[in-house]
Amino acid sequence: MQAAGVPRRTSGPCNTRVRPPVAVRTVGRLVAATGAINVVAAVVPPERARLRMVTEVVPAVGVQTAHAATAAIGLLLIYLGLGLRRGNREAWFVAVTLAAASVLLNLVKSLDVDAAAISAALLALLIGVRSQFRAAAEPASRWRALLALLGFASAGYLLGVAEIWLRSSRLAPGQSPRLWFVHVAYGMVGLTGPLRFTSPRVAGAVAITTGAMGLLAVGVALVILLRPWVVRPGLSADDDRRLRQLLHRYGQRDSLGYFALREDKSVIWSTSGKAAIAYRLVSGVSLASGDPLGDPEAWPRAVTAWLDECGRHGLTPAVLGCGELAGRVYRRHGLDVIELGDEAIVNVADFTLDGRAMRGVRQAVARVERAGYRCHVARQSDLAPEVIAEAVRASEELREGDVERGFSMALSRIGDAADPDCVLALAWDADGRLRGLLQFVPWGPDGLSLDLMRRDRTSDNGLIEFMVVAVVRAAPRLGVRRLSLNFAVLRWLFARGDQLGTGPILRASRPALVLASRIWQLESLYRANAKYQPSWQPRYLCFPTMRDLPRIGVAALRAEAFVMPPRPAGRAVRRRPAPPGSAKRTTNERDADPSVAAHGTPR
C-alpha cells in the first residue's frame, strides 16, 4: 500500500546510483544461467559417438574428471551470479577464469560443442563489460581466501598421497613413489597423472578424491573472496562527540535520532560534516534507521556519501523507519519508498484519563495504585548511584530470554554515564521491590522516546500503563511536551482491515498478518499503543528494488535479533552482571503480554 504524503515518483531526475547498471545485472543472470547449463550438460549422458571420439584421445579417467569439473564449475558460476549482480570486481575475474575453463572442459568431457559455445559467448561478454565491475571486496578477504585455498589444497594433497599409499598394492610395478606426489598434483587440477593402476576402479576413486579436494579448495576460497564487505561496528570518540553536537542542535526533528549512538552502529558523514547517517552492515545490506542526523539541507550530501560507499563495495542500501521528509530525500536519490508502519506520539498537554476511550487505562492505573505501587520518574543524572545500579540489575533480571533484541529503536544500554538525560521510570511494589522500569531517551529539548520496557511477570496487571501515566504526569516537571511510544508495524492494515468498504486485497492480507502477529505480536502491539489515544506518525522503508526486499527483510530481522544464527552446540549463553554505575547492554524485549511489548521494531 502506498504511503500517503510520499509519492511513488518525485519530480526531477532520479539518481539511479543505488541500482547496479542494467548490464551488470544482466551479466549476473547470464552467468547463473550458463552455470545451470553446465550442470545439466554434465549430468545428461553424452552421445556415444562423441564420447568414443573423445576417449580415443583422452583417457576415461580424464573424461570422468572433466564431467565432475564441469558440474562443479556450473555450481560455482551459479553462486558467482550474486556477486556479479553487485558489480564485484573479484567475482568478474573468477567468472572469466571459470568460463574459459568451462569451454575446455565441455570439449574434453564429450565434445559438447553447444555448451562450449555458450561458455565462449559468456567469456566474450564478460571481457566486453569488464569496466562495469568496480565494487571491491573487503581487502582482508583476499588474504583469507588465499590462506583457505592453500590450507584446503594442502590437506587435499596429503589426503591424496595417503590414499595412494593405502592402495599401493594396486599400482603397476616399477613406478617410483616420487610419481605419487606428481599424480596427486595433476589430479587436483583435473588432469590425469602419470601413475598406472591395475584396477580401473581404484584409479577412478583416486581421481575423484583428488579432483574433489581441489574443487573444494577453490570453492571455499571463492566463498570467502565474495563475502560482503564488512566494517567493524562502533563509533569513535570523535564520531560520538560530533553526533551529540548534531543531536543538540537538530535532535528535535526525529524521535529515533538518539538511537544513532548505539555501540553497534557505524556512521558516515556529509562532506561538510553537518549531517550524518548511522548504519550497520548485515549480510551485505547497509541498514540505516530513522532520518539522517543534522541539518536537513545537508542530508542529500550525507545520503550521496552513504550510497557511494554502498556502490563501491557492492552493498544493498536500505532504511528502516525514516520520516516523510527523509523519505523524499531518499526517493530523489533513487530509492523506492513504502509505508512501514506508524509511530505513536502522545502530546502531554492533550493527555487525560477522563472519558470513555481511556476507561481501560484509567482502571489499570487505579488497580495498581490500590495495590500499593509507587513510581519514581527522574533523569538519570538526578538518581543516586545505588538506584541506577538497582535499575541495571532489574533490567537484566526482568528480561525475557537470553536474546538481546533491538536495533532501529533501541539504545541497548542502561545506566551509562554518557546518557545523563535519559529518563527512568522505576516502579516499586508495597514491599519495596523494584517490579518494573521504563527508559526514555532524549528527543530534542522537550521530548522523550521510549527505549526500554521491563516488568516482573508476577506483578499486577496494568503496571506498564501505571508507569507510562506516571511519566506523562511528570513530563511538565521535566520540561517534556511529547512522548514517542511504540512503533506499530503495518498499523493501517489492522486498523482498517475490518472496516466497512475495505478492499479485497486488504481483506486478503489481514489473515496473514494476524498469523504473523502470533510470532511478532504486531496486532497486540498496535492495540497496546492505541489505548493511550496517540497521534500516529507514519514511518517508511526505503530500498532499491522489489527483488531486494527479501534480503533486506532477513537483514532487518537479524539486526533486530528476531532471527539469530545458530549457536555452536553445547555453547551456553552467559549473562554478566553489570557493576554499579556502568553501562549494561540491554534491549527492547517483546513480552507475551501485549502491554509489555517493547520499543524496537516493534519498540
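Okay, here's what the table says:
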quantity: Residue tally, condition in contact (Cβ under 8 Å) with a residue 24 or more places away in the chain, within 17 Å of Ala470 (Cβ to Cβ) and not in a loop (DSSP other than H, G, I, E, B), over region 382-412; calculated: 3
quantity: Qualifying residue in region 304-316 (condition: in contact (Cβ under 8 Å) with a residue 60 or more places away in the chain and in a strand (DSSP E or B)); calculated: yes
quantity: Answer residue from region 103-115, given it is part of a helix (DSSP H, G or I) and surrounded by fewer than 23 Cβ atoms within 10 Å (Cβ to Cβ) and is modelled with the lowest pLDDT among those; calculated: Val108
quantity: Residue check for Gly341: within 30 Å of Pro317 (Cα to Cα), in a loop (DSSP other than H, G, I, E, B) and open to solvent by less than 30 Å² (accessible area, probe 1.4 Å); calculated: no
quantity: Qualifying positions in region 433-457 - assigned to a loop (DSSP other than H, G, I, E, B) and in contact with a strand residue (DSSP E or B) (Cβ under 8 Å, 6 or more places away or on another chain); calculated: Asp446, Asp456
quantity: Any chance Pro504 is open to solvent by 20 Å² or more (accessible area, probe 1.4 Å) and at pLDDT 75 or above; calculated: no
quantity: Filter pass, Ala33 being at pLDDT 75 or above, within 41 Å of the chain's Cα centre (by Cα) and crowded, with 16+ Cβ neighbours inside 10 Å; calculated: no
quantity: Residues (closer than 15 Å to Asn486 by Cα and either open to solvent by less than 10 Å² (accessible area, probe 1.4 Å) or touching a Pro at 6+ places or on another chain (Cβ under 6 Å) (or both)) located in region 429-452; calculated: Leu438, Gln439, Phe440, Val441, Gly447, Leu448, Ser449, Leu450, Asp451, Leu452
quantity: Enumeration of residues in region 80-121 that are closer than 14 Å to Leu30 by Cα and among the aromatic types (Phe, Trp, Tyr); calculated: Trp92
quantity: Unique residue being small (Gly, Ala, Ser) and under 26 Å from Ala101 (Cβ atoms) when the list is Gly156, Gly174; calculated: Gly156
quantity: Conditions (1) buried (at least 22 other Cβ atoms within 10 Å of the Cβ); (2) in contact (Cβ under 8 Å) with a residue 40 or more places away in the chain; number of the one not met by Leu149; calculated: (1)
quantity: Answer from Ala302, Ala318 - the residue that is aliphatic (A, V, I, L, M), surrounded by 24 or more Cβ atoms within 10 Å (Cβ to Cβ) and touching a Cys at 6+ places or on another chain (Cβ under 9 Å); calculated: Ala318
quantity: Matching residues, region 443-458, being of a type outside the set (Lys, Arg) and on the phi < 0 side of the Ramachandran plot; calculated: Trp443, Pro445, Asp446, Gly447, Leu448, Ser449, Leu450, Asp451, Leu452, Met453, Asp456, Thr458
quantity: So Val365, is it in a helix (DSSP H, G or I), buried (at least 21 other Cβ atoms within 10 Å of the Cβ), on the phi < 0 side of the Ramachandran plot and touching a Gly at 6+ places or on another chain (Cβ under 8 Å); calculated: yes
quantity: Some residue of region 413-420 being in contact with a Gly (Cβ under 7 Å, 6 or more places away or on another chain), closer than 21 Å to Lys265 by Cβ, in contact (Cβ under 8 Å) with a residue 40 or more places away in the chain and surrounded by 22 or more Cβ atoms within 10 Å (Cβ to Cβ); calculated: yes
quantity: Number of positions in region 51-102 that are at pLDDT below 80, closer than 17 Å to Leu125 by Cβ, touching a helix residue (DSSP H, G or I) at 6+ places or on another chain (Cβ under 7 Å) and part of a helix (DSSP H, G or I); calculated: 6
quantity: Residue satisfying condition, being touching a residue at least 24 places away in the same chain (Cβ under 8 Å), touching a Phe, Trp or Tyr at 6+ places or on another chain (Cβ under 8 Å) and open to solvent by 20 Å² or more (accessible area, probe 1.4 Å), within set Ala205, Ala212, Ala221, Ala185; calculated: Ala185
quantity: Any hit, region 37-45, residues being under 26 Å from Ala117 (Cβ atoms), outside any loop (DSSP other than H, G, I, E, B), open to solvent by less than 80 Å² (accessible area, probe 1.4 Å) and at pLDDT below 80; calculated: no
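Each row is one residue, and each column tells you yes or no for (1) modelled with pLDDT of 85 or more; (2) within 42 Å of the chain's Cα centre (by Cα); (3) more than 30 Å from Leu281 (Cβ to Cβ); (4) open to solvent by 10 Å² or more (accessible area, probe 1.4 Å).
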{"residue": "Ala117", "(1), (2), (3), (4)": "yes, yes, yes, yes"}
{"residue": "Ala120", "(1), (2), (3), (4)": "yes, yes, yes, yes"}
{"residue": "Val129", "(1), (2), (3), (4)": "no, yes, no, yes"}
{"residue": "Ser141", "(1), (2), (3), (4)": "no, yes, no, no"}
{"residue": "Leu179", "(1), (2), (3), (4)": "yes, no, yes, yes"}
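The values are calculated or read from the model by the stated rules, or taken from the named source; none is laboratory data. Everything quoted here is computed from the prediction, not taken from an experiment. All Cβ positions, glycine included, derive from the backbone under ideal geometry; neighbour counts span all protein chains shown. These accessible areas exclude ligands, DNA and RNA; they are computed on the full protein's heavy atoms, side chains included. Shrake-Rupley method; radii C 1.70, N 1.55, O 1.52, S 1.80 Å.
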